[in-house]
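Here's the structure, in structure tokens; my notes come after.
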Amino acid sequence: MSRRRIGWAAGSAAAVLVAAGAITYAVAEESGGPGARTPSAESADAGFARDMAVHHQQAVEMSYIVRDRTKNEAVRRLAYDIAQTQANQRGMLLGWLDLWELPKVSADPPMTWMGMRGMVSGEDGALMPGMATDTELKKLQSLNGKQAEILYLQLMTAHHKGGIHMAEGCVAKCTVDVEKRLAQGMVDAQQSEIELMTGMLKERGAQPRQ
């Protein structure tokens, strides 16, 4: 990577961190303002923050795996962008739970806040919609080059579709405005990335999984 590209990446990461801090501060102001109510542990706000933090963590993990399994610059750049974006958003989500003094884990099954209790089996590590199984992650770790790229793009496309479903749930059910705006931003960005990944799969003679 050239010095110029490294500088651009560092600048972009710094900008995301500044934005993350601003959004976290905005949540603190919005949650602590006159007459404001802190979300409860059972609220959609808290449930989305907890579940999406877990969902995002797997996207970061998959992105770092493929970065080491291919030399293709387009895929590596996409993986870097996804890892950085979702790691920073995960930090915001967990930071909000700290601000609200709420637990980061719940005894309730994932997606309970969306009315989906028991609808996601959690089989083989796939705890929420779109999440890859432990078997699929192990397979990704075993592949290289084009094969790794195709599996990553397929897994991440499914992962984004599940993430969009969850984010749309927050847009509909969450009460903290800045969290709803972040969720809508996730919907927009991940839909755009799905379109990009569909094109990248087509270039490789493959398509998203049904």
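A few points about this structure:
- Here the stretch 32-92 and the stretch 140-210 have alpha carbon centers that stand 12 Å from each other.
- Spatially proximal aspartates and glutamates relative to K180 (Cα-Cα < 17 Å; intrachain offsets below 8 disregarded): E29, E30, E42, D45, D51, E168, D188
- Model label sites at D124 and T38, defined 7 Å from Cα along the beta-carbon direction, differ in position by 4.2 nm.
- Among A79, L127, A107 - extreme Cα towards positive end, dipole of the stretch 50-136, charges at beta-carbon: A79
- Residue pairs, from the table K139/K173; K146/K173; K71/K138; K104/K161, whose Cα atoms sit over 31 Å apart: K139/K173; K146/K173
Since every read-out is calculated from the coordinates, none of them should be taken as a lab result. In this text, all values refer to a predicted model and were calculated from it rather than measured experimentally. No Cβ is skipped: glycine too gets one built from the backbone with ideal geometry, and neighbour counts run over all protein chains shown.
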